[in-house]
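Student: Right, I'll just put the structure down here and ask away after.
Laboratory data are not the source of any read-out in this text; all were calculated from the coordinates shown. None of these values were measured; they are calculated from a predicted model. Methodologically, a virtual Cβ is constructed for each residue, glycine included, from the backbone with ideal geometry; neighbour enumeration extends over all protein chains shown.
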Amino acid sequence: MAADNLPSEFDVIILGTGLTESVIAAACSRVGQRVLHLDRRSYYAGNWASFTFNSLLLWIEEYKAQQETPSTNSVQECSDQIENGEEVVFLSSVDSSISNLEVFSYVSEESADDEQPMAPVMYSLLTAVEEINGCNTEAQHMDFNACTEGDIDPQNLQGKEQTSQSHEPCQLKENQKDQQPITSPEKVEVKKKITYSTLLKEGRRFNIDLVSKLLYSRGLLVDLLIKSNVSRYTEFKNVGCILTCHNGKVEQVPCSRADVFGSKQLTVVEKRMLMKFLTFCLEFEQHQEELQDCTEMSFLEFLKCKKLTENLQYFILHSIAMVSQDAPVNNGLKATQHFLRCLGRYGNTPFLFPLYGVGEIPQCFCRMCAVFGGIYCLRHSVQCLVVDKETGKCKAVIDSHGQRLGCNYFVVEDSYIRDDQRIQRTYKQISRAVVITDRSISHSESDQQISLVTVPPLEPSSPAIRMVELSSSSMTCMPGTYLVHLTCLSSGSAHEDLAPVVSRLFHVPSICTEESVQGSEENEKPVILWVMYFNMRDTSGLDSSSYNLPSNVHVCSGPDDSLDSDFSINLAESVFHQLVPDEEFCPPAPNPEDIIYDCDQGEGANFENDSHKEGVVIEGEDVPQENKQQTSSSETTASIGQEMNKYDTQSPSQVNNP
Amino acid sequence: MHGRVKVKTTAQQEEEKRKEREKKLKVYLTVRDAIFKKRSNGELDEEALQLTQQLLASNPDFATLWNYRREILLHLETEKEQEEMQKLYEAELLFIEACLKVNPKSYGSWHHRGWVSSRLPTPNWPRELSLCDRCLSLDDRNFHCWDYRRLVVKMSGVSVEQELQFTDRLIGSNFSNYSSWHYRSTLLPLLHPQPAADPASDCQTRTHPHTPPTASPQTHRHRVCEEQLLKEYELVQNAIFTDPNDQSTWFYYRWLLGRAEHEDLISCVYVSREGERVTVVFSKPATVVSLMLVLDGQPQRVEWRSVHPLLPHSPVWLCELPPGSISDINNEHNLTVHWMEKHIQRDCALYTGCMESWCRDSATDQELFRSDLSVEKTSVLQSELESCTQLLELEPQNKWCLLTIILLMRALDPLGHEKETLAHFQTLKEVDPMRFSYYSDLCSKFMIENTILKMEYAEVRVFSLSNANLSTMCHLDQLLLVTHINLCSNQLTKLPPHLAMLQCLEVLEADDNAIENLDGLYHLAKLEEVSLRNNQISQISDLSPLATCPTLSRLDLRGNPVTKSANIQAELAELLPSLTDLLL
């Protein structure tokens, strides 16, 4: 095994390849720290990952398998690695950060002659759920746990699958009646209707994010990407429009000047009031006199007191500031100001989305870490920490191959931490839904844009939901489909939280009634092809005092529930400063031609390799960073992104030694 | 420190860069010299194309090289097949595109592109259009690109509708764009022209049954039909409410509201037996006029002159009839003035027992002062005024809004809105002190217009506008018949040459101003009394224009610096012998 070749000493060992860990890895490696970066998974980015449709199905299967057989922490042969005065602290070998996973498929299965190497098992399962879902409302909340624990034997499944198949052909004929007779019905079907096997066949066109984030164009992440030159590794697309669910309809939020000008929903007077208020927010600090009497108010009260119409209050509160009703004035103003400052830097909305998905970004930082000598191993974990009894510090770790690796610092993602190592065990959950639909939710003429949709709480008690709709131009879904991410802070399971909104905004085909429900109203809504619900643990509320771990072990939270990644970047920077207090955080990388290759052999060789690898990327060095980020068209896709994706998730190499 | 990347120092980097630059310069100069040599040898070959391409790629503003390339290409056209030329020109376009990336505002590159596009045997206009679109999306104010785009549109015959949609799109993405608004203003009249006016409602035809109909349609050439105008008003309102401080929209709005072009016509013919003089007023200032005067059927040989030598371009022209032609008060006369080049004429009858006579359209007849804005239906203007007022409530300090409101009020009912107009002018002067004088002059103009209207309604020949902060005089051609004028307590600094248009003036009162100059009191045949108390006349020579007024008998100069000069009495007696009453 290649891992045998690992050096035995490192400055920093980092476990987990989520955004925070990756940024720390890049920052440390950049200033000359010896970094070993590990992840027990076969893919990069942990809960930040983006999956092709097929690998997402594998991920679902893994989850399901883990639910079936909850593996126990096996104490292995590591006593021989331990010296006197040392003790071991085991880490969790099970990732329990995902829960309540449910999948529903609403696409028909095409004729069985399509060869699907891995899908059949999955599919039958999914169909089963779908069947139950379709026929029996009580079974709606049935999730995989129930499904797998339950007594649906393969025979039974088979039967159900057949019934569903016998259903489909009928419907097929129904549809064909309206069409002109075409000799090969198969072709028509592919065009007109997306089937499950098309999803599988075109699965590699999907890049489905586990966590749905956007980048504020003047947010910490964009600043960091530019400052560190990591931005050269990927490309972005501007979010095209901001929508909101208002009075039961999806409406565009007027936020930029051009939007306000073009808005059809606002009266001219409202336009003026809105522009005036937004201009005020841009420099609200300079208008303290106007704020004096309002400091105690909530932001909503403040909006009311500014005599904004209900329409405007709604847009500002939910879609521009994106704060809750009872948020204090200052928070609302700051959020609005941040939003406005981000407008116009790269486009008409404040947001950027990384092509090929959010999972690209941690990988970009990993790449930067590798370029500066960091060592990468996937499917490679740490069993336990070796703690010096005297100092109480972590001296070394023992990896999943039993090798002892010395380190000064150990950085670990929260999902590797055992529950008994937490002092505080209450944390938030994020509810997520991933929906594949057949058309865009917005009625605008350009259907190839990315949209952010805010869905305010349906009832005062329910959470505000954030929705990001991605078109195929974002390189995250196949042409003809849209990938919709819904996110909110959990109050129940993801399905409980999000299903009401999903069924409101989308047409959920139900097998039993599909033929009758062809009303024009239903036809306007996007039709759901496939949907997945799950909850993700959000430990962003915990800090170092919440863990019972050695002082030189730093725990990084997974993704938080916010739209941006500022929390993770801040955390990474603060951990970095604890590890190497006197160094700059991610300074710009030097130009490759300025690097001098005259140091000792080994390292020199390393760098030659790296800079060779980088040669492709650094082309067009003269192009200003900001221009470079401004992705103009979907054709100019990031070759780097694709490349990373290919060799990271498709062929998981254990050791990616630079 | 192990593992740390070693980087060259800045000094090292600079040294390298310097060397690099030197090397580049050397290559550049060598190539340049080679090109010049080839050109002076008259070599028009493809090698020269290669060489110039090399240099232009790094410096696209080298105009000589573009010229050379054109020479070469023209030469090659004589040698090569059309197909080969097509390829060559297409390669040229590709090359220019690369140059435009180096400098998107290179005059040479854009011009060359225009030239190549017009030489191309089979041009690909859609590609050129999309190039322009791409370029404008990067910089929507690149006027080079706008120019080139206009060329492409003209050559390829893109429909006006499409172009209008194009401006829709650009304005939608950013309405602070003069180019787009202006382009729109040229397209709209083509696409939605205002239908020719209904002859029955045309006042010009009514008062002048003999006017040839060709004179009418020209006035509407630049106008837009009402239905489209309403849509444009809505668009503009969205923009001005969104950002009331953006000038481009306000300018477009002013264009929409329109500045009607006055038709050429003779608005007044005045004849006086005293001095046997005929005065003609045109609707617009004219320069050298080919007028024919027919008196009782007999064409007269007369010499037309402007009212003042400083006004060669004047709306008022006059002439003296041959002595004795109309002096007998017992004769009745019929005069006709023909404006030859415009085919316009006007009659005037002088009856027995009358010393003078006139025939004219008054300011009220012509709705003269409303027509600064076009003749939209009142309701449209009314609703525009309402929405602007609404905007003003939200933005009480917005100068564009204030000014537009004033204009709309004037278009609707100048007298009715006089008070509000004055208040708005006051605010304008406060919020925009840089343009204080502009607003003062504009306000003076409107006040004079109002006074003229009041005078016309009262059917008197007295013009009185005192204590009104007047800073300038205008519309004096409308005051031809005025006998008494009162301009006391204003801020006038001079009596401009235009005042000589007041051919009937007998009494002038202009006390309490800051008048230094009396140029306008020139050859006023009937002027008898001039009161200029408390002004700034400081030299006797400043009073010399008065010497041209033969009947001046009373002059009040109290409170002027000139009264302090020695010998004033004697000098004035010499300058103005007709004076009987002099107050110093």
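Student: What distance in nm separates the two pseudo spin-label positions at B:Thr9 and B:Gln382, each 7 Å out from Cα along the beta-carbon direction?
Tutor: Going by the 7 Å Cα→Cβ label model, 8.3 nm.
Student: Report, in deg cm²/dmol and to the nearest 500, the calculated mean residue ellipticity at 222 nm for chain B, where each DSSP H run with n ≥ 4 adds -39500 (n - 2.57) and the sum is divided by the residue count.
Tutor: The helix-only estimate for chain B comes to -14500 deg cm²/dmol at 222 nm.
Student: Calculate one ³J(HN,Hα) per residue across the stretch B:28-45 by plugging θ = phi - 60° into the Karplus curve 6.51 cos²θ - 1.76 cosθ + 1.60, and present them in order as whole Hz with x for glycine and proline.
Tutor: 4, 5, 4, 4, 4, 4, 4, 5, 4, 5, 4, 5, 5, 7, x, 7, 10, 10
Student: Follow-up. Rounded to the nearest 20 Debye, what is the dipole magnitude of the stretch B:19-158 about its Cα centre when Lys and Arg each give +1 and Asp and Glu each give -1 at the C-beta?
Tutor: Around 640 debye, computed over the stretch B:19-158.
Student: I've got another one for you. Given the pairs A:Lys264/B:Lys231; A:Lys276/A:Lys307; A:Lys227/B:Lys8; A:Lys307/B:Lys399, which are separated by over 22 angstrom at their Cα positions?
Tutor: A:Lys307/B:Lys399
Student: Right, something else. Karplus couplings for the stretch A:436-442 from phi (6.51 cos²θ - 1.76 cosθ + 1.60, θ = phi - 60°), rounded to Hz, Gly and Pro as x?
Tutor: Per-residue couplings from phi come out as 9, 10, 9, 7, 7, 6, 8 Hz.
Student: Here are some pairs, A:Lys271/A:Lys525; A:Lys249/A:Lys271; A:Lys304/A:Lys428; B:Lys23/B:Lys101; which of them have Cα atoms lying more than 26 Å apart in this structure?
Tutor: Pairs exceeding the cut-off: A:Lys271/A:Lys525; A:Lys304/A:Lys428.
Student: Within 10 Å of each residue's Cβ, count the other Cβ atoms and sort B:Val158, A:Val329 from fewest upward.
Tutor: Neighbour counts put them in this order, fewest first: B:Val158, A:Val329.
Student: Using amide H atoms built in the peptide plane, which far-off residues or other-chain residues are under 5 Å from B:Gly258 H to H?
Tutor: The answer is B:Ser374.
Student: May I ask for the equivalent-ellipsoid semi-axes of the stretch A:255-349, computed as the square root of five times each C-alpha gyration tensor eigenvalue and listed largest first in whole Å? Don't skip to the end; give the middle numbers.
Tutor: Values: eigenvalues 84, 46, 30 Å².
Computed over the stretch A:255-349, the values are 20, 15, 12 Å.
Student: For chain B, take the longest principal axis of its alpha carbons; what is the angle in degrees between that and the long axis of helix B:143-156, to the nearest 10 within 0 to 90?
Tutor: 90 degrees
Student: Give the order of B:Lys19, A:Lys395 when sorted by the count of other beta carbons within 10 angstrom, beginning with the fewest.
Tutor: Listing B:Lys19, A:Lys395 from fewest to most nearby Cβ atoms yields B:Lys19, A:Lys395.
Student: What does the net charge come to around B:Arg273 if you take all other residues with beta carbon closer than 10 Å to its beta carbon, with K and R at +1 and D and E at -1?
Tutor: That sum, taken over residues with Cβ under 10 Å, equals -3.
Student: Would you list B:Trp146, A:Trp48 from fewest to most Cβ contacts within 10 Å?
Tutor: Arranged by neighbour count, lowest to highest, B:Trp146, A:Trp48 become B:Trp146, A:Trp48.
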